[in-house]
């Protein structure tokens, strides 16, 4: 296992990369022996640093929920990270492009809990019962670690991504509050338009067969750490579109049909 000093040192590098918008060299290249659990230790050290600086963990994200993405990075389960209070945007907002290094966006559903939820044996039914409402949401991804190593050409591994807070950098939350029992969640669809042109589309069933499966997975994954998902927490359940690169000036409309739209722009 990675020692606390190294985990904290690498977390400080990532915090500085975010501050200066200058990515660091891939951790997996520098420390090839590190494991997924080591990466989560770095992520937790990053949370400690952020909280000491006055940030608050307001939500959580689940990523790599599709089989094709898991195979691409050589894992068999999703990953997770945290979402800070200063990561939040709402429908109609202008998102500051200069805050990010290499921003991308994904189309998702967010679950807001109405009751506490914990493992170790949390099920889909448990996750649904604990959910107060779902809402359309867009995740903003970023890379505080070089996506391609300039010397070797190697791409980031799962160790890099998890260490880097599972690539989370922001969220745009819709205005709608939908009872999860009033819709067939796996068949929720969305179309993403950039500057009026359809760029992506998808269906929520691509997220682990049912997006609430990600919520149950997270409750079980965090249980060994003594973490309970609390009532009021927002949980991004995982993307059902590919990541889409963002450019300054882009205007986006994510249309979820009867569930409404999420509109925002980068400037």
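Readers should treat all values here as calculations from the given coordinates under stated rules, not as data from a laboratory. What you see is a predicted model; the values in this text were computed from it and never measured. FYI the Cβ positions are ideal-geometry reconstructions off the backbone, even for glycines, and counts take in every protein chain you see.
Separation of region 123-166 and region 89-115 by C-alpha centroid, Å?
Between the Cα centres of region 123-166 and region 89-115 lies a distance of 13 Å.
What's the whole-number percent of alpha carbon pairs in region 4-266 lying beyond 32 angstrom?
18 percent
So in the chain, what percent of DSSP beta bridges are antiparallel if you round to the nearest 5?
In the chain, DSSP labels about 85 percent of beta bridges as antiparallel.
Which of 163, 201 comes first, and how do the rest follow, when ranked by fewest Cβ neighbours within 10 Å?
Ranked by crowding around the Cβ, least crowded first: 201, 163.
How do 97, 264 line up, fewest other C-beta atoms within 10 Å first?
Ranked by crowding around the Cβ, least crowded first: 97, 264.
Mind putting together the pair-distance distribution for region 23-100? All Cα pairs, 10 Å bins, whole percent per bin, short to long.
Spelled out per bin, shortest first, that is 14, 35, 39, 11, 0.
Multiply the residue separation of residue 35 and residue 94 by 0.36 nm, subtract the distance between their alpha-carbon atoms, and state the gained length in nm to one decimal.
Full extension of this stretch gives 17.5 nm more.
Rounded to the nearest 500, what is the 222 nm mean residue ellipticity of the chain from helices alone, with -39500 (n - 2.57) per DSSP H run of 4+ residues and division by all residues?
Computed ellipticity for the chain at 222 nm equals -7500 deg cm²/dmol.
Hey, how many Å between the Cα centroid of region 174-237 and the Cα centroid of region 1-80?
Using only Cα atoms, the two centres lie 22 Å from each other.
Note down the nm distance, to one decimal, between modelled labels 7 Å out along Cα→Cβ at residue 125 and at residue 182.
It works out to 2.4 nm between the two label points.
Sort 134-143, 44-53 for me by packing, meaning the mean count of neighbouring Cβ atoms within 10 Å per residue, highest on top.
Highest to lowest by the protection proxy: 134-143, 44-53.
Could you list 60, 265 in order of exposure, starting from the residue whose Cβ has the fewest other Cβ atoms within 10 Å?
Ranking 60, 265 by Cβ neighbours within 10 Å, fewest first, gives 265, 60.
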